[in-house]
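For reference, the structure discussed in these notes is given below.
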Amino acid sequence: MSVIEDVVATFRDAVGHEPDGVFAAPGRVNLIGEHTDHNEGHVLPFAIDRHCRVAAGRRADDVVTVRSAQEPGDAVSTTLEALPRARGWSAYALGTLWALRDAGLPGRHGWDLVVAGDVPLGAGLSSSAALECAVALAVAELSGAAFDRATLARAGRRAENDVVGAPVGIMDQAASLLCRDGAALLLDCRTLQGEDVALGLDEAGLVTLVVDTRVRHDLADGGYADRRAACVAAADALGVPALRDATPDMLGRLDGRLRRRARHVVTEQARVHRVVELLRTQRPADVGPELTASHASLRDDFAVSVPALDAVVEAVLEHGALGARLVGGGFGGSALVLAPTTTADSIGEAVRRRAADDGHPEPVVREVHPAGGARREPWAPGARH
Ligand code: ADP
Ligand code: MG
């Protein structure tokens, strides 16, 4: 059975009739631009070939139900009025419906939603945005709403900020909804303008791997808040609206710790633009050293790495990778690796061996390939598939 038939069959069994449509939204990985988003700078994510699928059907009453193959247990059932009080995993889906209704989604009826996905949860590939964006596209299209994709992305972010309670930016939702197949999205986090940048990885015989260290430190949330505050303090001291506006020659005006934090952001902004230039001139292999430089800056200046991440970067570079860096907020989580396709297997082995030698948890290595943004699946009720 295909993944589409699978989610349709689950819907039919659980709800008792066919869904009105099936929608899919991808996870993402950020090639470069780490901790630049909260400084109003640039990021360069691409959507990946792992998706969250949602089979959706309208109801006659005001009840909303949601089930997920990734969260065994009973369906979560609520009403339109109670959507903003959703908790747990269902808050990502129900919060998105709430935010879209707040943005003017037509209709006063409830929904049945059945979720099934292959974006691993909490592995740095943004399963949360994949879920939000699949729900947003489903209810918007099935309601005949004329929302553009930026509006859908904002609804997903609002769900995460206001209902789940996670202070995330809009990168993940923008990537899931706006990326084109084979291209990264150069997103200006100040204006939310996006531009496609072709990756050309396949053509160059390159692949990206995401290594989940399965290490996460308790201080991650506090550390993230501390780094954000340091960036605001540095921008204030320099008299600029955000560190995106700081230039290298200004850094000497800051002292010790703030200078290092700001230097990461200023040099990372420059790396994003260099990577875009390299991709636009068909030199994807030369992106590798920029990734490794990003890691060094995150480790030494921004101080958000941990030994398990440094060990991954070291091990992959010793076994043929072109570059690697930690991705996400830091203090654990995943690393992104750019490598010749032919070296992918031996890199995976090297990373697992090194973790065993160092006494770290066994990492999970996944190949990820660029994919297009969220879409309606080719499935219609009553048609044969
Ligand atoms: P990431 O987005 O990096 O995968 P997050 O912590 O932001 O990690 O989001 C993961 C959470 O999102 C999960 O713990 C779960 O609550 C929710 N989630 C994501 N995808 C699904 C899904 N397919 N089914 C149920 N819950 C999901
Ligand atoms: Mg997330």
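Looking only at the stretch 306-322, how many residues end up being touching a His at 6+ places or on another chain (Cβ under 8 Å) and small (Gly, Ala, Ser)?
Counting residues in the stretch 306-322 that are touching a His at 6+ places or on another chain (Cβ under 8 Å) and small (Gly, Ala, Ser) gives 2.
Looking for whichever is within 16 Å of ligand 1 (Cβ to nearest atom), within 23 Å of Phe302 (Cβ to Cβ) and either crowded, with 17+ Cβ neighbours inside 10 Å or not small (Gly, Ala, Ser) (or both) here; the options are Asp221, Asp226, Asp236. Which one fits?
Values: Asp226 fails: within 16 Å of ligand 1 (Cβ to nearest atom); Asp236 fails: within 16 Å of ligand 1 (Cβ to nearest atom).
Residue meeting the stated conditions: Asp221.
Check the stretch 149-160 and report whether any residue there is open to solvent by 30 Å² or more (accessible area, probe 1.4 Å), farther than 21 Å from Leu100 by Cα and either within 15 Å of ligand 2 (Cβ to nearest atom) or touching a Gly at 6+ places or on another chain (Cβ under 7 Å) (or both).
no
Quick check on Gly182: is it closer than 17 Å to Leu31 by Cβ, in the same structural domain as His35 (by TED's automatic domain parsing) and over 12 Å from the mean Cα position of the chain (by Cα)?
yes
Could you check the stretch 267-385 for strands (runs of 3 or more DSSP E) lying wholly inside it with 2 or more residues that are within 30 Å of Ser2 (Cβ to Cβ)? Steps first, please.
Working: elements: 323-327, 332-340, 364-368.
Qualifying strands (runs of 3 or more DSSP E): 332-340, 364-368.
Say we look at the stretch 162-174 and pick out the residues that are assigned to a helix (DSSP H, G or I) and within 12 Å of ligand 2 (Cβ to nearest atom); which of these is farthest from the chain's Cα centre (by Cα)?
Of the stretch 162-174, the ones assigned to a helix (DSSP H, G or I) are 162-164, 171-174.
Cutting the leftovers down to within 12 Å of ligand 2 (Cβ to nearest atom) gives us 164, 171-173.
Values: Val164: 16, Met171: 7, Asp172: 4, Gln173: 7 Å.
Among residues in the stretch 162-174 that are assigned to a helix (DSSP H, G or I) and within 12 Å of ligand 2 (Cβ to nearest atom), the one farthest from the chain's Cα centre (by Cα) is Val164.
Could you grab me the full set of residues in the stretch 315-337 that are within 19 Å of Asp357 (Cα to Cα), hydrophobic (A, V, I, L, M, F, W, C) and open to solvent by less than 20 Å² (accessible area, probe 1.4 Å)?
Listed by number, the residues that qualify are Ala315, Val316, Ala335.
Testing Cys179 on (1) within 30 Å of Ala356 (Cα to Cα); (2) open to solvent by less than 10 Å² (accessible area, probe 1.4 Å), one condition comes back false. Which one is that?
(1)
Any residue at all in the stretch 122-133 that's more than 9 Å from ligand 1 (Cβ to nearest atom) and within 18 Å of Ala175 (Cβ to Cβ)? Quick ask: steps written out before the conclusion?
Step one: list which residues in the stretch 122-133 are more than 9 Å from ligand 1 (Cβ to nearest atom), which gives 133.
Narrowing the set further to residues that are within 18 Å of Ala175 (Cβ to Cβ) leaves 133.
Yes, there is a match, as at least one residue in the stretch 122-133 is more than 9 Å from ligand 1 (Cβ to nearest atom) and within 18 Å of Ala175 (Cβ to Cβ).
Take Thr208 and tell me if it is in contact with a Pro (Cβ under 7 Å, 6 or more places away or on another chain), outside any helix (DSSP H, G or I), open to solvent by less than 60 Å² (accessible area, probe 1.4 Å) and polar (S, T, N, Q).
Values: in contact with a Pro (Cβ under 7 Å, 6 or more places away or on another chain): no; outside any helix (DSSP H, G or I): yes; open to solvent by less than 60 Å² (accessible area, probe 1.4 Å): yes; polar (S, T, N, Q): yes.
In short, no.
Report every pair of residues separated by at least 6 positions or lying on different chains whose Cβ atoms are under 7 Å apart, first residue within the stretch 357-382 and in the same structural domain as Pro26 (by TED's automatic domain parsing), second open to solvent by 70 Å² or more (accessible area, probe 1.4 Å) and of a type in the set (A, V, I, L, M, F, W, C).
Pairs that qualify, where the first residue is in the same structural domain as Pro26 (by TED's automatic domain parsing) and the partner is open to solvent by 70 Å² or more (accessible area, probe 1.4 Å) and of a type in the set (A, V, I, L, M, F, W, C): there are none.
Quick one: in the stretch 175-205, which of the residues that are in contact with a Leu (Cβ under 9 Å, 6 or more places away or on another chain) and in a loop (DSSP other than H, G, I, E, B) is farthest from Gly328 (Cα to Cα)? I'd like the intermediate steps shown before the answer.
Our first condition is that a residue be in contact with a Leu (Cβ under 9 Å, 6 or more places away or on another chain); within the stretch 175-205, this holds for 175, 177-179, 182-187, 193-201.
Now drop any that are not in a loop (DSSP other than H, G, I, E, B), which leaves 179, 182, 193, 199-201.
Values: Cys179: 19, Gly182: 22, Gln193: 21, Leu199: 20, Gly200: 23, Leu201: 22 Å.
Among those that are in contact with a Leu (Cβ under 9 Å, 6 or more places away or on another chain) and in a loop (DSSP other than H, G, I, E, B), it is Gly200.
The values are calculated or read from the model by the stated rules, or taken from the named source; none is laboratory data. Just so you know, these numbers come straight off a predicted model, no measurement behind them. Note that each Cβ is placed from the backbone with ideal geometry, even for glycine, and that neighbours are counted across all protein chains shown. Calculation scope for accessible area: heavy atoms of the full protein, side chains included, ligands and nucleic acids excluded. Shrake-Rupley method; radii C 1.70, N 1.55, O 1.52, S 1.80 Å.
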